[in-house]
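Scroll down for the structure; my scribbles are underneath it.
The values are calculated or read from the model by the stated rules, or taken from the named source; none is laboratory data. Since we're looking at a predicted model, the values are computed, not measured. Here the Cβ is made from the backbone with ideal geometry for all residues, glycine too, and neighbour counts use every protein chain on show. Side chains included, ligands, DNA and RNA excluded: accessible areas come from the protein's heavy atoms. Shrake-Rupley method; radii C 1.70, N 1.55, O 1.52, S 1.80 Å.
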Amino acid sequence: MMDFEKLISQMTFEEKVGQLAQYNANVCMSIDGEITGPATQLGLKKEDVCKVGSVLNFSCVEDMQNIQKTHLENDRNKIPMVFMMDVIHGFRTIFPIPLGLACSFDTELAAECSKMAALEASANGVNVTFAPMVDYARDARWGRVMETCGEEPLLSSRIGAACVKAFQGDDMKNPDNIGACVKHFAGYGGAEAGRDYNTVDLAERTLREFYFPAYKACIDAGAKLLMPSFNSLNGIPSVANKWLMNKVLREEWGYDGVVISDYNALGELITHGVAKNGEEAAKRAFDCGCDIEMCSSAYYHNLKKLVDDGVFNEKDIDAAVLRVLKFKEALGLFDDPYRGASRARADAVTLTKEHREIARKAAARSAVLLKNENVLPFSTDVKSIALIGPFADEHKILGMWKCNGRVEESVTVYEGAKAVLPNTKITVVKGCGNEFNDLDRSGFDEAVKAAKNADVVVLCLGEPMDYSGEGNCRTDIRLPGVQEELAAAVAAVNPNTAALIFNGRPLVLNEIAKTVPAILEMWFPGTEGGSAACDLLFGKANPEGKLTMSFPKATGQCPIYYNHTNTGRPKPVAKDEERLYYNSNYIDCGNLPLYSFGHGLSYSNFVYEDMAIDKAEMTKNSEINVKITLYNDSDKEGRETVQLYMRDMVASVVRPVQQLIDFKKVALAPHERKTVEFTVKEEMLRFWNFENELVSESGEFRLSTGYADHLVHPKMFTLK
Ligand code: GLC
């Protein structure tokens, strides 16, 4: 173990402040050259560039090696830099966007993908990833829903924790592993109107019940780096929010890891209007335990004055530096500042055949079969197939956080089809564009002709990659352009038509659902997206995904989510399409989503035959055993996510009409019957009461299975 107390005692103040700074790699390239643009914009003196403690956004392993080498030659204390990057869903081998991967409800798959990402990233010089992002999301207009696990806290918690453990492994010093960073704390997904970076006002109870659990699960799983969110939360931006960063994070949760700001979030405190200058921004952020300032220089320019003025004690600075040095030690950087990264190692483990296979499996398991009127799977004996739409032969299917992934390395639907159907005539017709202003219908005739002349048709539709992701929010989440019309024209001439949807958020698919008999939600599936799509279309894989976000019938329903409260005037499900007066409903649209949370079909036919509970009363010290009998009434093996929902019928505050309290994946052979068991414990019934205490209250509860909006086998029990 290093003697960091001694090391810190030997550091100058400027060297200490250097450990609390993170800049883009191009700043640190200035060490041996002239101070370039970014460094001058930050106001750095040349002699201070070598004191920088960490770097993000370098381009290759050689960059990392050169920067680290030059830094160590120039840094008096020989403290290694730490290299960070947004490895969100893959480094070079890209797997589905997190919103898609979460639809697998498969924590083991999420771990396998994260491990693969860590191996590739570490070999290429990355020490820490800014992931998992576990912001809770209910509004599909928000561009960053693609990075989330959706609208269920339990699922986000389990997936997030699995990713942290997979990134970090049993020992972060192992060069196959990387450090995780849980983000964006907190409530970022609650941005008003689904507009990125917008104001967030959420009751403490709502934060604690829905938005907090996944961050806490990641911390409990061992995350030692946390990033506050850009947004103001109940009036104060997270990075300067004492209630959030000191009371909840440090005091209540006991978080003792490092906090790193988001990109220029300290500078944005001035823009938010909660700091009049850099000095006040530095004071407010440091006062909230922000250790590393990313890509702004408020600390660099002001911490010395704040200590000289007695606002902070130098011991406070030392405490922050100590957290950073311990984090670097936990990563093994003092043992090997390069953590074994090299060109040779990078080439040996990056974008390998095995990794492509993992990405292909993940893309298949993340897909959600939304609709299937006996069309899918197609037979591989088809003589001719028409691939129609803007994504028919499109490489841009990686998603916006594609890291070092290269779109040209992705497999398109057309390329996937050629591989699966070597002897089939494949016709590709784009038919129309996928942008808002793509209103040209001149490709329709060729598309309809191709559809008429093909045994089967695959519509390949969606929104462009850059219509989701950071800053990319939409006020109308239908398919852009005239894709709906293209689909209708094509499906009208060939009943054997299925649609693949490529997107980074739930979309309004009403028109497609009216005209196309089968719809397969692919998300942005990553490097092997086309292969996985064809595996699913032709039955080499059986769809198993379940939606983790509700798909609205209209953008105007957003935010829409399954775990809503009943209100005093709930709209009866049976009357959802009727106009009711003086009811909590719209006059022009139902309340229900088109496809709800938990929905997803299979080529198998899973019959939920029964759900039995072993007692109708439980106490705080007992538990209820639940047995759900499932039968695969088909000749196709498949995997099903069995979901267990609960409703607290009466409580001191309103409660959701249903909550997912557990889920398990189960594989069933053809005509196999299995019983899936769950245990209901008192802590699963707890909620935050009006006084913000976590409590369970005696009374009646309802258990059921199936999925949201389609619950089956309800069973009542009482908590005494
Ligand atoms: C971005 C994102 C954050 C990311 C960081 C570094 O603005 O908000 O998620 O990790 O900057 O790229």
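Please work out, to two decimal places, the log10 of the ratio I(q)/I(0) at q = 0.14, 0.17, 0.20 Å⁻¹ from a Debye calculation in which every Cα of region 127-270 carries one identical scatterer.
Evaluating at q = 0.14, 0.17, 0.20 Å⁻¹ gives log10 I(q)/I(0) of -0.59, -0.88, -1.22.
With all protein chains present and a 1.4 Å probe, how do Tyr581, Tyr299, Tyr414 order by accessible area, largest first?
The most accessible residue leads, giving Tyr581, Tyr414, Tyr299.
Rg to Rh ratio, the chain, alpha-carbon atoms and Kirkwood radius?
Radius of gyration relative to Kirkwood radius: 0.99.
What's the tally of Lys pairs in region 222-366 whose alpha-carbon atoms lie under 13 angstrom apart, where the two lysines are 8 or more places apart or on different chains?
7
Express in Å², to the nearest 10, the accessible area of Leu119 obtained by rolling a 1.4 Å probe over the protein heavy atoms while all chains stay in place.
Leu119 exposes around 40 Å² with every protein chain in place.
Cα axis of helix 153-168 to longest principal axis of the chain: angle in degrees, 0 to 90, nearest 10?
50 degrees
Which order do you get for Arg76, Arg250 if you rank them by accessible area with a 1.4 Å probe, largest at the top?
Largest accessible area first, the residues go Arg76, Arg250.
Karplus couplings for region 450-465 from phi (6.51 cos²θ - 1.76 cosθ + 1.60, θ = phi - 60°), rounded to Hz, Gly and Pro as x?
For region 450-465, the Karplus curve yields 5, 5, 4, 9, 10, 5, 9, 10, 10, 7, 10, 10, x, 10, x, 3 Hz.
If Asp381, Asp63 are ordered by their accessible area, calculated over protein heavy atoms with a 1.4 Å probe, which sequence runs from highest to lowest?
My answer, sorted largest first, is Asp381, Asp63.
Equivalent ellipsoid semi-axes for region 514-556, as square roots of 5 times the alpha carbon gyration tensor eigenvalues: give them largest first, rounded to whole Å.
22, 14, 10
For the modelled label position 7 Å from the Cα of Ala344 along Cα-to-Cβ, which residues of region 116-132 have backbone nitrogen atoms closer than 17 Å?
Residues passing the 17 Å test: 123-125.
Ignoring ligands, DNA and RNA, what accessible area per residue does the chain give at 1.4 Å, in Å²?
37 Å²
Given axes a ≥ b ≥ c from the Cα gyration tensor, I'd like to know whether region 535-657 is rounded (a/c under 1.5), prolate (a/b larger than b/c) or oblate.
oblate
Under the rule that an exposed site lies in a DSSP loop and has at most 12 other Cβ atoms within 10 Å, name the longest stretch of the chain with no GluC sites (Glu not before Pro) of that kind, not counting the sites themselves.
That would be 35-372.
Could you tell me which of rounded, prolate or oblate describes region 1-152, using a ≥ b ≥ c as the square roots of the eigenvalues of the alpha-carbon gyration tensor, with rounded for a/c under 1.5 and, failing that, prolate when a/b is larger than b/c and oblate otherwise?
Prolate, because a/c is 1.5 or more and a/b exceeds b/c.
Taking only the C-alpha atoms, wrap a convex hull around region 606-719 and report its volume per residue in Å³ as a whole number.
Taking only Cα atoms, region 606-719 has a hull volume of 89 Å³ per residue.
Output needed: percent of Cα pairs per 5 Å distance bin for region 425-485, bins running from 0 to the one holding the longest distance.
4, 17, 25, 20, 15, 10, 6, 3, 0
How much accessible surface does Cys403 have with a 1.4 Å probe, in Å² rounded to 10?
For Cys403, solvent-accessible area is about 40 Å².
What figure in square angstrom, to the nearest 10, would you give for the accessible area of Met400 with a 1.4 Å probe?
Counting only protein heavy atoms, the figure is 80 Å².
Checking the a/c ratio against 1.5 first, then a/b against b/c, what shape does the Cα gyration tensor give for region 398-527?
Taking the square roots of the gyration eigenvalues as a ≥ b ≥ c, region 398-527 is oblate.
Restricting things to alpha carbons, tell me how big region 1-89 is in terms of Rg and Dmax, in Å.
Cα only, region 1-89: 13.1, 41 Å (Rg, Dmax).
Find how much the distance from Val653 to Asp466 grows on full extension, using 0.36 nm per residue of separation minus their present alpha carbon separation; answer in nm with one decimal.
Here the segment from Val653 to Asp466 would lengthen by 63.2 nm.
Per the helix-only calculation at 222 nm, which mean residue ellipticity applies to the chain, given -39500 (n - 2.57) for every DSSP H run of n ≥ 4 and division by its residues, nearest 500 deg cm²/dmol?
-7500 deg cm²/dmol
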